[in-house]
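Notes to accompany the following structure.
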């Protein structure tokens, strides 16, 4: 069995696509509210939570902006709105923290088959996706963490419980 662990989340992909597609070419939306600098630091069991994602989920049901940060190796990240605009709109938010790990493993024996250009080998695989953050902190409905973003004092430190490794889903490509 071959294991190839790596960290991945949908938000990391969203962040990468947003940042790459933005590259200075997107004008600021007219209805985007003023943004205030906001930096978060996240620890897990007292140690920095590296490479996770922090989302701010507004308590206002009409709020339409995605506000999130990708944590660096020291557990720190700067908030961006829509992945393009530094800072977060003023308001009260639930703080949602996630970090996932994908492990690719062989799901069956290697098969040799005749392809267009001769023999090809194929090894079936499956991807096991694990959450590395306690479920309580990974969902807006259950997280006890909150932040109020305003004109000043938006840098916050959060603790997200103990280290876990819970299977979220299995994907068979």
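Scanning the stretch 95-130 for residues that are crowded, with 16+ Cβ neighbours inside 10 Å and assigned to a loop (DSSP other than H, G, I, E, B) yields a single hit, 99. So for the stretch 109-120 (the condition being modelled with pLDDT of 95 or more and more than 22 Å from residue 169 (Cβ to Cβ)), does at least one residue qualify? Looking through the stretch 109-120, none of the residues is modelled with pLDDT of 95 or more and more than 22 Å from residue 169 (Cβ to Cβ). Within the stretch 25-46, residues that are at positive phi reach partners that are part of a loop (DSSP other than H, G, I, E, B) with beta carbons closer than 8 Å, at six or more positions or on different chains, in the pairs 45/161; 45/162; 45/163.
Only a single criterion out of (1) in contact with a strand residue (DSSP E or B) (Cβ under 7 Å, 6 or more places away or on another chain); (2) free of Cβ contacts under 8 Å to residues at least 60 places away in the same chain is not satisfied by residue 49, namely (2). For the stretch 32-44, a residue qualifies if it is within 22 Å of residue 144 (Cα to Cα) and either modelled with pLDDT under 95 or assigned to a strand (DSSP E or B) (or both), and the qualifying residues are 39, 40, 41, 42, 43, 44.
Looking at (1) more than 20 Å from residue 51 (Cα to Cα); (2) touching a residue at least 40 places away in the same chain (Cβ under 8 Å); (3) not in a strand (DSSP E or B), which one does residue 133 not meet, given that it meets all the others? With (1) more than 20 Å from residue 51 (Cα to Cα); (2) touching a residue at least 40 places away in the same chain (Cβ under 8 Å); (3) not in a strand (DSSP E or B) applied to residue 133, the lone miss is (1).
So is residue 92 in a strand (DSSP E or B) and either surrounded by fewer than 21 Cβ atoms within 10 Å (Cβ to Cβ) or more than 13 Å from the chain's Cα centre (by Cα) (or both) or not? If you could, list the steps in order and put the result at the bottom.
Working: in a strand (DSSP E or B): yes; either surrounded by fewer than 21 Cβ atoms within 10 Å (Cβ to Cβ) or more than 13 Å from the chain's Cα centre (by Cα) (or both): yes.
Considered against the rule, which asks whether it is in a strand (DSSP E or B) and either surrounded by fewer than 21 Cβ atoms within 10 Å (Cβ to Cβ) or more than 13 Å from the chain's Cα centre (by Cα) (or both), residue 92 comes out as yes.
Just to be sure before I move on: is residue 148 in a loop (DSSP other than H, G, I, E, B) and touching a strand residue (DSSP E or B) at 6+ places or on another chain (Cβ under 9 Å) in the structure I sent? So residue 148 does not fit the description; no. Among residues of the stretch 85-110 that are at positive phi and touching a residue at least 12 places away in the same chain (Cβ under 8 Å), those with a beta-carbon under 9 Å from a residue that is buried (at least 17 other Cβ atoms within 10 Å of the Cβ) and part of a loop (DSSP other than H, G, I, E, B) at least six positions away or on a different chain give the pairs 87/38; 87/79; 87/154.
If a residue must be surrounded by 15 or more Cβ atoms within 10 Å (Cβ to Cβ) and in a strand (DSSP E or B), how many such residues does the stretch 58-89 contain? Of the residues in the stretch 58-89, 13 are surrounded by 15 or more Cβ atoms within 10 Å (Cβ to Cβ) and in a strand (DSSP E or B). Is it the case that some residue within the stretch 159-169 is without any contact (Cβ under 8 Å) to a residue 12 or more places away in the chain and part of a strand (DSSP E or B)? No, there is no match, as no residue in the stretch 159-169 is without any contact (Cβ under 8 Å) to a residue 12 or more places away in the chain and part of a strand (DSSP E or B).
The values are calculated or read from the model by the stated rules, or taken from the named source; none is laboratory data. What you see is a predicted model; the values in this text were computed from it and never measured. FYI the Cβ positions are ideal-geometry reconstructions off the backbone, even for glycines, and counts take in every protein chain you see.
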